[in-house]
Amino acid sequence: MEASPTRRRPRSQSPDAEAAHGALDYLYPELLNEILSRLPLRDAVRTSALARAWRHRWESVPSLRFIWTGRADPGAISDVLRRYSCPVREFRHYYVTEASFGHSDRWLRLLALRVVQSLFLDFKRSDDDELLHTLHPSIFSCRGLTTLYLGGCYIPAPPPGFTGLPNLTELRLRKVGFTEGARVLELLIATSPLLESLRLEYLSLPLSNGVYNQWIIRAPKLQSLTIDAIFDDEWQINDLPSLEEADIDCVGYSPDRDIVKLMTELAHATKLKLSMPVKVADPCAFNYYLHTPALEVLDFELDENYSEDDEVDCDFLNALWTDDDDLFSNLIRVGVTYTTCKLSEMLFIEFLLSEARRLQELHVCLDSFCAKSNEAAATELAKYRRASPRAKVFFSRND
Amino acid sequence: MAAPESGDGNNGAARMVTLISSDNTRFEVEAAAASLSQTLQLTILDGGGGGGDGIPLPNVDSATLSKVLEYCIKHAPAAANGGAPNATAVDRAELERFDNEFVNIDQSVLYSLIMAAHNLEIEGLQSLVAKKVADMIKGKSPMEIRRTLGFPDPTPEEQAEMNAHMLEYGWAYE
């Protein structure tokens, strides 16, 4: 169907008036806003140079996204935030340098006023990765936040009367410290009742008398938990009934901790990735994933230093062999990375293959220190009986 | 320029409705296509628009309406599929190709279209045109935007204001 271009204007206007402005001026304001809200901020701001009628138009265009890089003039950012009159849907600054630290306090005050929904702030650290900046407490007044990412800064104590971030669903903290200790982190998590996704990466928590204080992650709606840490800073999990996925990478996880408790707290997850000193065949941990029917994806990164008790673990596994429970019933994918083909690890794999009826993929990655050759390991794996006809074994080596 | 008519009115054939533009042109179109308009949907569900009645659309002219219906006819099958979650990649690519082509038109038509889409509440069409107009503005200097949007050449006074603004918001022009 061909359409002939029409010369008709959306609203009847005198020809003079049309000559004075662009036709765009005659659209309903909400349509103009819909058009302008699709522009990057700088393009939207440029429209204020078009004509006098356009001077302040961008200031009331909803849903503009504020996205800045390290080169952005910090004063200009404050200025734009001051002029903009709508709620801020998204504010991102990928690299706040030292020259902007002071300005960032002003941004946060304005962002709290503009009910910012999604906030991403990454601060420059010192050359040796030390944190330099302490965030302005206005962050605790940003009650409209649904998504928050903070990187490279200290988070201060919340002001008295802080009651939480009622709409926060996603929280990611990377290389963040807490001047007042982990209790602030604990409070921040516990007072965000809608939190669904939590990522904590390389936090720096203060030691008291040389040890970390225990702190607890309590989040009834949490679906996804990621912890990346080098040291075990004594996090605890307490009651995560909605958990679907957990990815815990903590090489310094203390072997003295109660692994059964941790596993029990993670029991709701269907996807679990553990890169910590937990043995595949740890009798206590094993009991957990044997009896977690929901588990579909299980990934281990093993710690080669953790080799004592191999015989005990083998005895434990051998004793299980006669058990005719319905084990590993939902497992679809299992990964065992950095194995050195210890007897207990191979027994675990054999046991797993012989039990997991729905298994589709088993990924085995040999550690570079593994004495066994690839061929020998692969031959051994091929001999194991597979309960699942669809199970495929993928084999690699970390060299 | 009416929408294609199906020969047989009954017997399992798609139900047709008639829309009447502001300049009194009658368009017969499948009810499913016209129902992309939230505004028309209720009337059509109530059985309106059939037979000799027709639904008058006093603020949409025939040129615009024919264009609007071209969009609706193309998008009706996917919309009937509830946003077409099962649509194949080929179907989606074809719709995308159609959309790109569709908005490759004179600006004044774009503005008439977005107004009609707004009045008739056809969300997909409204955002398609909004995106197109935004793309026309993106990355341009104020002078280029003025030309693109058909503003007359600026008076010296306006030019001076424009320059002052560009100085004030230097970061937006880097």
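The values are calculated or read from the model by the stated rules, or taken from the named source; none is laboratory data. Source: prediction; values computed, not measured. Ideal geometry is used to build each Cβ from the backbone, glycine not excepted, and the neighbour counts take in all protein chains shown. Surface accessibility is based on the protein's heavy atoms, side chains included, excluding ligands, DNA and RNA. Shrake-Rupley method; radii C 1.70, N 1.55, O 1.52, S 1.80 Å.
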- Item | Residue ID - nearest to residue A:53 (Cα to Cα), chosen from residues in the range B:133-160 that are assigned to a helix (DSSP H, G or I) and either at the interface with chain A (Cβ under 7 Å from one of its Cβ atoms) or among the β-branched types (Val, Ile, Thr) (or both) | B:158
- Query: How many residues, within the range A:263-289, are at pLDDT 75 or above, open to solvent by 10 Å² or more (accessible area, probe 1.4 Å) and touching a helix residue (DSSP H, G or I) at 6+ places or on another chain (Cβ under 8 Å)?
  - Reply: 2
- If you go through the range B:99-122 one residue at a time, do you hit one that is assigned to a helix (DSSP H, G or I) and more than 13 Å from the chain's Cα centre (by Cα)? no
- Task: Return yes when residue A:249 is among the charged types (D, E, K, R), under 18 Å from residue A:172 (Cβ atoms), in contact with a Cys (Cβ under 8 Å, 6 or more places away or on another chain) and not in a loop (DSSP other than H, G, I, E, B) and no when it is not.
- Result: no
- Message: Step by step: first the residues of the range A:79-125, then only those that are part of a strand (DSSP E or B) and open to solvent by 30 Å² or more (accessible area, probe 1.4 Å), then the one that is farthest from residue A:45 (Cα to Cα). Which residue is that?
- Response: A:122
- Task: Please specify each residue of the range A:50-64 satisfying the condition of being open to solvent by 30 Å² or more (accessible area, probe 1.4 Å), within 11 Å of chain B (Cβ to nearest Cβ) and assigned to a helix (DSSP H, G or I).
- Result: A:52, A:53
- residue A:150 fails exactly one of the following numbered conditions: (1) buried (at least 18 other Cβ atoms within 10 Å of the Cβ); (2) in a loop (DSSP other than H, G, I, E, B). What is the number of that condition? (2)
- For residue A:183, are the conditions met, namely being modelled with pLDDT of 95 or more and open to solvent by 10 Å² or more (accessible area, probe 1.4 Å)? no
- Which residues, counting only those in the range B:118-174, are polar (S, T, N, Q) and closer than 18 Å to residue B:103 by Cα? B:126, B:127, B:148
- Query: Within the range A:168-236, which strands (runs of 3 or more DSSP E) (wholly inside it) include 3 or more residues that are without any contact (Cβ under 8 Å) to a residue 60 or more places away in the chain and within 20 Å of residue A:135 (Cα to Cα)?
  - Reply: A:170-174, A:197-201
